[in-house]
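First comes the structure, then the notes that go with it.
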Amino acid sequence: MLTSKQRAFLRARANPLETILQIGRAGVTDAVIAQCGASLDAHELIKLRVLENSLLSAAEAAYAIAEGTGAEVVQTIGTRFVLYRANPKLPAERRIALPK
């Protein structure tokens with residue numbers, strides 16, 4: 001569980017990130033969850049977007065993917081959302097050091 005201070009820190013880190021995945025009409029599928037899991041393993045913090053033709057809202061998609069990948073929802077704004085999952089296997093210089 002993230003504290004409000006950690007969530008604010010991650011929101012600031014996510015601001016300049018590009019959207020790496022888009023959720024479309026098919027919604028949250030096993031393939032999307034697998035792709036998000038792989039991206040979280042590589043980056044720890046990812047930004048996603050829900051397209052207008054999707055049947056899910058950004059919040060619904062965010063919590064469905066977070067549940068499927070074991071990630072935490074950092075924020076949801078409009079059609080975009082940010083997920084975080086720590087990966088202790090990453091080299092120390094690539095890991096995100098959260099404030100206490």
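The values are calculated or read from the model by the stated rules, or taken from the named source; none is laboratory data. All of these numbers come straight from a predicted model, not from anything done at the bench. Don't worry about glycine lacking a Cβ; one is built from the backbone with ideal geometry, like all the others, and counts go over all protein chains shown. For accessibility, only protein heavy atoms count, side chains too; no ligands or nucleic acids. Shrake-Rupley method; radii C 1.70, N 1.55, O 1.52, S 1.80 Å.
Every residue in the stretch 13-23 that is under 25 Å from residue 97 (Cβ atoms) and open to solvent by 70 Å² or more (accessible area, probe 1.4 Å), please.
Listed by number, the residues that qualify are 13, 15, 16, 18, 20.
Can you give me the number of residues within the stretch 52-85 that are in contact with a helix residue (DSSP H, G or I) (Cβ under 9 Å, 6 or more places away or on another chain), over 16 Å from residue 34 (Cα atoms) and either open to solvent by less than 70 Å² (accessible area, probe 1.4 Å) or assigned to a helix (DSSP H, G or I) (or both)?
Here the count works out to 10.
Restricting to the stretch 24-46, and then to whatever is over 30 Å from residue 91 (Cα atoms) and in contact with a Ser or Thr (Cβ under 7 Å, 6 or more places away or on another chain), can you tell me which residue is most open to solvent (accessible area, probe 1.4 Å)?
Only one residue fits best here, namely 25.
Only one of 49, 7 is part of a helix (DSSP H, G or I), more than 18 Å from residue 89 (Cα to Cα) and either among the small types (Gly, Ala, Ser) or open to solvent by 20 Å² or more (accessible area, probe 1.4 Å) (or both); which? First the steps, then the outcome.
On the way: 49 fails: part of a helix (DSSP H, G or I).
Unique residue meeting the criteria: 7.
Name the pairs whose Cβ atoms lie under 9 Å apart, with the first residue in the stretch 23-40 and at positive phi, the second of a type outside the set (Gly, Ala, Ser) and modelled with pLDDT under 95, and 6 or more positions between them or separate chains?
27/55; 27/56
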